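S.K.: Before we start, here is the structure in question, set down as structure tokens.
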Amino acid sequence: MRNGQPFPDTDGNPIHAHGGWMLDYDGYVYWYGEDRRENWYVSVYRSPADDMKHWEFRGHILTTDTLYEETSARFDPRLSWEKDGAVRKVNIERPKVLYNAKTKKFVLWAHYENGENYLEARACVASSDWPDRGFVYHGSFNPFGEMSRDCTVHVDSRGDAYFVSASRDNADLHIYRLTEDYLNVDEWVKSVYCHEFREAPALFEKDGRTFMISSYCTGWAPNQGKWCSADSVTGRWGLLRNFGDKTTFVSQSAFVRRQRDRYWYVGDRWMGGGPKYFESTYVVLEIQFDGEGNPFIEYTDEPELFNG
Ligand code: DGJ
């Protein structure tokens, strides 16, 4: 795999897992992400956990045809709508999947928009008994009435799960703890980085610190990434500091992958939101840590993570 070049799956097709996420389950790593082709929304690939070079396409877990199953009476069940007799797709962005050990369910969280504009700014939820099939959709909503755009999830070392998303027209980031079953937000824990317009949050923990990488808010155009840290997700977050170069090496954060004791930044090199979107690729770089434990990245063409 080369950064910024199409990354083929085991059938030779480019991997469409944009704005993605990886989940470890039963000896495999599942790679989820956006696939906007056809009537699809979310694709999933998998690789044996010690491989990471060969990604087998497993299917589309969310499409316009995904069945609805009510968990909360007033979530909006629609995954498509009609205009002038034609089916219109909604937008599902930045899908993330967690495994809930209590309910034995795989729970998907993502950003929902109606497909016409970005004004509804909602979170949406789906779940399944399997990591790569059988998902039912539970609808979209505004957490505690708030706008919710670019998002991620994070399970902390205490086992609590969080949903983090851009709110107030992307001005602030909100941190919500999830309910025990992960199917709703339980508490709006706090708002951070007021009026900093951070997007594309990606969290990880290392040596007792919780880190967040994020981008600034410039649509599909890359900008200077930043990192920040806190002693816990719910604790006091520190200053935003530069991560990578002025364009984060022409990428925007999607998620951080921990592979054994190494940490990898996985970003999207978007090709805009129009037809070129489908040529979007990935930028994967090892996160290194300086003497104070602060993260940084340097550019390399061929990340070891995907090249062995
Ligand atoms: C930036 C976000 O990070 C992307 O996921 C997408 O929502 C674009 N904005 C849309 O302009």
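S.K.: If you scan the stretch 30-60, which residues turn out to be open to solvent by less than 10 Å² (accessible area, probe 1.4 Å), over 15 Å from the mean Cα position of the chain (by Cα) and among the aliphatic types (A, V, I, L, M)?
M.R.: 52 - this is the single residue of the stretch 30-60 that is open to solvent by less than 10 Å² (accessible area, probe 1.4 Å), over 15 Å from the mean Cα position of the chain (by Cα) and among the aliphatic types (A, V, I, L, M).
S.K.: Among the residues of the stretch 75-89, are any touching a Pro at 6+ places or on another chain (Cβ under 9 Å) and either more than 16 Å from the ligand (Cβ to nearest atom) or within 27 Å of residue 266 (Cα to Cα) (or both)?
M.R.: Checked the stretch 75-89: no residue is touching a Pro at 6+ places or on another chain (Cβ under 9 Å) and either more than 16 Å from the ligand (Cβ to nearest atom) or within 27 Å of residue 266 (Cα to Cα) (or both).
S.K.: Of all residues in the stretch 182-201, how many are among the acidic types (Asp, Glu) and either at pLDDT below 95 or within 16 Å of the ligand (Cβ to nearest atom) (or both)?
M.R.: Qualifying residue count, the stretch 182-201: 2.
S.K.: Another question about this same structure. Can you pull out the strands (runs of 3 or more DSSP E) entirely within the stretch 49-121 that have at least 2 residues that are of a type in the set (A, V, I, L, M)? First the steps, then the outcome.
M.R.: Working: elements: 56-63, 80-83, 86-89, 91-100, 105-113.
The strands (runs of 3 or more DSSP E) meeting that bar are 56-63, 86-89, 91-100, 105-113.
S.K.: Residue 78 is checked against (1) of a type outside the set (Val, Ile, Thr); (2) within 20 Å of residue 177 (Cα to Cα); (3) open to solvent by 30 Å² or more (accessible area, probe 1.4 Å) and fails just one. What number does that condition carry?
M.R.: (2)
For (1) under 17 Å from residue 3 (Cβ atoms); (2) within 15 Å of the ligand (Cβ to nearest atom), each residue gets a yes or a no:
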{"site": "226", "(1), (2)": "no, yes"}
{"site": "238", "(1), (2)": "no, no"}
{"site": "243", "(1), (2)": "yes, no"}
{"site": "263", "(1), (2)": "yes, no"}
{"site": "269", "(1), (2)": "yes, yes"}
{"site": "279", "(1), (2)": "yes, no"}
{"site": "288", "(1), (2)": "yes, no"}
{"site": "294", "(1), (2)": "no, no"}
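S.K.: Count, please, the residues in the stretch 121-169 that happen to be acidic (Asp, Glu), over 22 Å from residue 203 (Cβ atoms) and open to solvent by less than 50 Å² (accessible area, probe 1.4 Å).
M.R.: Qualifying residue count for the region: 1.
S.K.: Would a scan of the stretch 119-138 turn up a residue that is hydrophobic (A, V, I, L, M, F, W, C), at pLDDT 95 or above and farther than 19 Å from residue 92 by Cα?
M.R.: Looking through the stretch 119-138, at least one residue is hydrophobic (A, V, I, L, M, F, W, C), at pLDDT 95 or above and farther than 19 Å from residue 92 by Cα.
S.K.: Starting from the stretch 208-225, take each residue that is free of Cβ contacts under 8 Å to residues at least 24 places away in the same chain and open to solvent by 20 Å² or more (accessible area, probe 1.4 Å) and list its partners that are within 12 Å of the ligand (Cβ to nearest atom) and assigned to a strand (DSSP E or B), counting only C-beta distances under 8 angstrom and pairs at least six apart or across chains.
M.R.: Note: pairs meeting the criteria are 216/198; 216/199.
The values are calculated or read from the model by the stated rules, or taken from the named source; none is laboratory data. Bear in mind the structure is a predicted one, so any value in this text is a computation, not a measurement. Virtual Cβ from ideal backbone geometry, glycine too; neighbours counted across all protein chains shown. When the accessible area is computed, the model is the full protein with side chains, heavy atoms only, and any ligands, DNA or RNA have been set aside. Shrake-Rupley method; radii C 1.70, N 1.55, O 1.52, S 1.80 Å.
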